[in-house]
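Engineer: Before anything else, here's the structure in question.
The values are calculated or read from the model by the stated rules, or taken from the named source; none is laboratory data. Note that the coordinates shown come from a computational prediction; the quantities given were computed from them, not determined experimentally. Note that we place each Cβ from the backbone using ideal geometry, even for glycine, and neighbour counts take in every protein chain shown. To get the accessible areas, we keep the full protein, side chains included, count just its heavy atoms, and leave off ligands, DNA and RNA. Shrake-Rupley method; radii C 1.70, N 1.55, O 1.52, S 1.80 Å.
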Amino acid sequence: SIPTSAQTISKIRDILKKTTVQINTDANPGGSGVIIKKEGNTYSVLTANHVVCENLGRENIRCRTDFTYTIRTHDGREYPIEERQILQTKVQDPDLAIVTFESEQDYEIAPLGNSSQVDIQSDIFVAGFPTIFGRVGKDRSFTITNGKVVTFIDNPPKGYGLIYDATTRIGNSGG
């Protein structure tokens, strides 16, 4: 049977809620990330580089090492970030990083898609933990906003080439 629109949105909402994580540190308001892989008890989370890297450089990215970052999963458990792989090495590179955490819990992995299959007016959902109503860090709540892809930019700055109209706030970065 073909799922109804309500069933499809419900399934998307469930995936987003279970795979989107909150990333926290005492140094900034926090960000978000998405669980993309599991090997043994090690989970990999894709996020924005600026969420887990206080940039010390100008042209080349150099991250501070004196901050402690944690990941909070949908069930409220919090884990220290074990490894941080910075994918953005120069200011103009895509703003991406991969961080890992260890857990014996069984967390869902987000299905990855191909952005070349997305077109203008495709539906888009932004999931994360924005800093709304003065809430920062662990006090942020999970949100989902929806919108449409409105255009694509060739040779985009920092990899931001897919332009959409869904509300995105500080703290949503990486989600």
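Engineer: Of everything in segment 27-43, what is crowded, with 19+ Cβ neighbours inside 10 Å and either part of a strand (DSSP E or B) or among the hydrophobic types (A, V, I, L, M, F, W, C) (or both)? Give them in sequence order.
Structural biologist: Matches in segment 27-43: G31, S32, G33, V34, I35, Y43.
Engineer: Which is in contact (Cβ under 8 Å) with a residue 12 or more places away in the chain and farther than 21 Å from I170 by Cα, of Q22, Q92, Q85?
Structural biologist: One residue alone meets the criteria, Q85.
Engineer: Could you please find all residues in segment 95-140 being more than 21 Å from R13 (Cβ to Cβ) and of a type in the set (V, I, T)?
Structural biologist: Within segment 95-140, I98, V99, T100, I120, T131, V136 meet the criteria.
Condition check ((1) modelled with pLDDT of 90 or more; (2) out of contact with any strand residue (DSSP E or B) (no Cβ under 8 Å at 6 or more places or on another chain); (3) under 28 Å from K90 (Cα atoms)) across all residues:
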| site | (1), (2), (3) |
| --- | --- |
| S10 | no, yes, no |
| I23 | yes, no, yes |
| S32 | yes, no, yes |
| N41 | yes, no, no |
| V45 | yes, no, yes |
| A48 | yes, no, yes |
| E59 | no, no, yes |
| T65 | no, yes, yes |
| Y69 | yes, no, yes |
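Engineer: Specify the residue that is surrounded by the most Cβ atoms within 10 Å (Cβ to Cβ); the eligible residues are those in segment 117-175 that are in a loop (DSSP other than H, G, I, E, B), among the hydrophobic types (A, V, I, L, M, F, W, C) and in contact (Cβ under 8 Å) with a residue 40 or more places away in the chain.
Structural biologist: Looking at residues that are in a loop (DSSP other than H, G, I, E, B), among the hydrophobic types (A, V, I, L, M, F, W, C) and in contact (Cβ under 8 Å) with a residue 40 or more places away in the chain, I get F129.
Engineer: Right, another one. Can you confirm whether segment 68-78 contains a residue that is open to solvent by less than 70 Å² (accessible area, probe 1.4 Å), under 19 Å from V126 (Cβ atoms) and free of Cβ contacts under 8 Å to residues at least 24 places away in the same chain?
Structural biologist: For segment 68-78, residues open to solvent by less than 70 Å² (accessible area, probe 1.4 Å), under 19 Å from V126 (Cβ atoms) and free of Cβ contacts under 8 Å to residues at least 24 places away in the same chain: absent.
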